[in-house]
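Reading through the structure tokens given below for one structure.
The values are calculated or read from the model by the stated rules, or taken from the named source; none is laboratory data. Being a predicted model, the structure only gives us computed values, none of them experimental. Glycine gets a Cβ as well: all are built from the backbone with ideal geometry, and neighbour counts include every protein chain shown. For accessibility, only protein heavy atoms count, side chains too; no ligands or nucleic acids. Shrake-Rupley method; radii C 1.70, N 1.55, O 1.52, S 1.80 Å.
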Amino acid sequence: MNRKREQVGQVFQRHGSWYVRFYESRVIDGEVKRLRVSKRLADVTTRGKNPPPQIAEQARELVSAVNRPQYRPENVVKLGDFVERVYFPRIEQHMRPSTLKGYRDIWALHLKPRCAGAWMKDVRTYHVQEWLDDIAQPGTLSKRTLQHIKCSLSAIFKLAKQQGFFVGENPVRDTAIAPTAKEPQQTHAYSLPEIRTILSVLPEPAATIFAVAAFTGLRRGEIRGMRWQDYRDGEIHVAQSVWESHVTLPKTFQSQGAVPVITAVATMLEAHRIRCGNADSGPVFAAVNGKPLSLNNVQGRVILPALRKAGLESLWHGWHAARRGLGSNLYALGVPEKTIQAILRHANVATTNSYYIKTAPADAVAAMHKLDIAVPELGNSWATEAHVINAKAAVN
């Protein structure tokens with residue numbers, strides 16, 4: 001039986017470093033090709049052309065691993081090839097179009113220019129850390145954005161491990177976000193006075209659209225996806241979401257539910273239905289062509305000009321501030337967090353508490369006023385005694 005001869009590699013010097021040269025099968029332009037490649041081993045610290053024993057041993061171990069590969073030849077690919085040919089085609093099968101666009105933007109803007117040419121199997125934690133540090137270098141991205149980039153890269157290597165394109169611990173795992181990165185900007189939640197002021201200057205149907213956003217907490221895509229047949233018995237039954245030309249199910253399973261409509265909003269919706277010719281089906285907010293109205297267009301062409309004319313443009317903080325506003329306003333009215341979670345249709349109450357309940361400075365002042373009232377009820381003896389002790393110590 002003929003046994004295939006194993007390569008031993010060639011060790012050589014170049015630019016003050018030791019290298020080992022060998023052959024390896026890799027995918028180039030979609031085809032498996034056998035290439036002659038070189039790997040740097042270490043700095044040259046001895047005289048002469050012969051490598052010291054430790055360098056020779058390092059070269060033997062590396063070439064031995066190549067002779068007994070952990071990867072199928074067709075799985076030795078560059079990171080960019082894997083992302084474009086394997087990662088995106090796979091995740092687009094089960095990811096919302098808007099979320100997929102976010103991942104594609106992260107890849108195109110931040111990751112592809114830095115790591116697309118790296119051979120996936122050779123990537124190590126220090127490579128990833130270099131990429132993340134380089135992305136953070138201009139100092140223009142927030143910690144939250146950098147964390148999203150890191151999570152995106154981690155997801156790429158997770159799938160690579162699952163599909164046999166990478167072996168070993170995920171190299172993103174032990175990397176860190178630059179501690180000097182900017183803190184994310186504080187998000188806004190519309191207060192009830194702000195909502196009333198904005199509604200007072202908006203024409204229809206923009207006023208009704210904003211009222212639905214502010215008093216039902218529907219997401220922007222869910223407002224676009226509202227149909228008259230979904231509005232019944234005093235509730236909006238959230239059944240779909242519309243992003244650009246894509247119609248999908250709502251964001252999560254918990255998002256598919258009924259949202260109660262308060263009387264003021266119900267009155268505005270009924271008036272809007274009459275203006276629409278007493279429609280009983282189709283989009284609640286429709287464009288001239290009958291398709292769901294673009295809320296971006298409503299914002300740019302109607303809301304902002306109306307607020308600007310009234311000198312109130314600074315009040316506008318986007319559509320999602322209305323959803324945060326509902327959570328915060330309900331909380332200020334004494335509604336329990338679990339109930340707010342149900343109304344906003346979050347998967348868990350932690351999300352509601354962390355991102356959708358905003359306490360205004362006035363709330364903090366009122367809370368401390370309550371504490372000020374409560375403290376004497378505990379008894380003044382402790383405070384009085386402490387003051388006496390401190391006074392005596394000062395005199396002595």
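Some notes on this structure:
- Cα radius of gyration and Dmax for the stretch 38-145 (Å): 19.0, 61
- Of the residues 210, 290, 55, the one whose Cα sits farthest toward the positive end of the charge dipole of the chain, with +1 on the Cβ of Lys and Arg and -1 on the Cβ of Asp and Glu, is 55.
- Set of lysines near residue 158 by C-alpha distance (under 16 Å), chain-local residues within fewer than 8 positions excluded: 78, 121, 150
- Net charge of Cβ neighbours under 14 Å - reference residue 341; Lys, Arg +1; Asp, Glu -1: +3
- For the stretch 115-169, the Cα-based Rg and Dmax, in that order, read 12.1, 36 Å.
- Size descriptor for the stretch 98-138, Kirkwood hydrodynamic radius: 11.1 Å (Cα pairs only, one decimal).
- D_trans [Stokes-Einstein, Kirkwood Rh over alpha-carbon pairs] for the stretch 173-214, 25 °C, 0.890 mPa s, µm² s⁻¹: 182
- The chain: antiparallel DSSP beta bridges as a percent of all, rounded to 5: 95
- Whole-Å distance, taken between Cα centres, linking the stretch 50-69 and the stretch 110-187: 30
- Rounded to the nearest 10 degrees, the inclination of helix 192-201 to the longest alpha-carbon principal axis of the chain is 80 degrees.
- 0 to 90° range, to nearest 10: angle between helix 361-377 axis and the chain longest Cα axis: 70
- Between 0 and 90°, nearest 10: helix 320-332 axis offset from the chain longest Cα axis: 60
- Placing +1 on the Cβ of every Lys and Arg and -1 on the Cβ of every Asp and Glu, with nothing else charged, gives the chain a dipole about its Cα centre of roughly 1900 debye.
- One quarter of the convex hull surface built on the alpha carbon atoms of the stretch 1-51 amounts to 5.4 nm², the projected area averaged over directions.
- Listed residues 228, 329, 116: farthest to the positive end of the dipole of the chain (Cβ charges): 116
- Convex hull volume per residue, computed on the Cα atoms of the stretch 211-321, equals 114 Å³.
- Placing +1 on the Cβ of every Lys and Arg and -1 on the Cβ of every Asp and Glu, with nothing else charged, gives the stretch 1-113 a dipole about its Cα centre of roughly 320 debye.
- Stokes-Einstein diffusion coefficient of the stretch 124-237, Kirkwood radius over Cα pairs, 37 °C, 0.692 mPa s, in µm²/s: 179
- Kirkwood-based shape ratio for the chain, expressed as Rg/Rh from alpha carbons: 1.15
- The stretch 76-148, dipole about Cα centre (Lys/Arg Cβ +1, Asp/Glu Cβ -1), debye to the nearest 20: 240
- Neighbour cut-off at most 11 other Cβ (10 Å), DSSP loop, GluC sites (Glu not before Pro), the stretch 1-108: 6
- Values of log10 I(q)/I(0), in the order q = 0.10 Å⁻¹, for the stretch 1-101 under a Debye, Cα-only, solvent-free model: -0.45
- Apportionment of accessible area to carbon and sulfur, the chain, percent (1.4 Å): 53
- When trypsin sites (Lys or Arg not before Pro) are flagged only if DSSP places them in a loop and at most 13 other Cβ atoms lie within 10 Å, the longest unflagged stretch of the chain comes out as 174-396.
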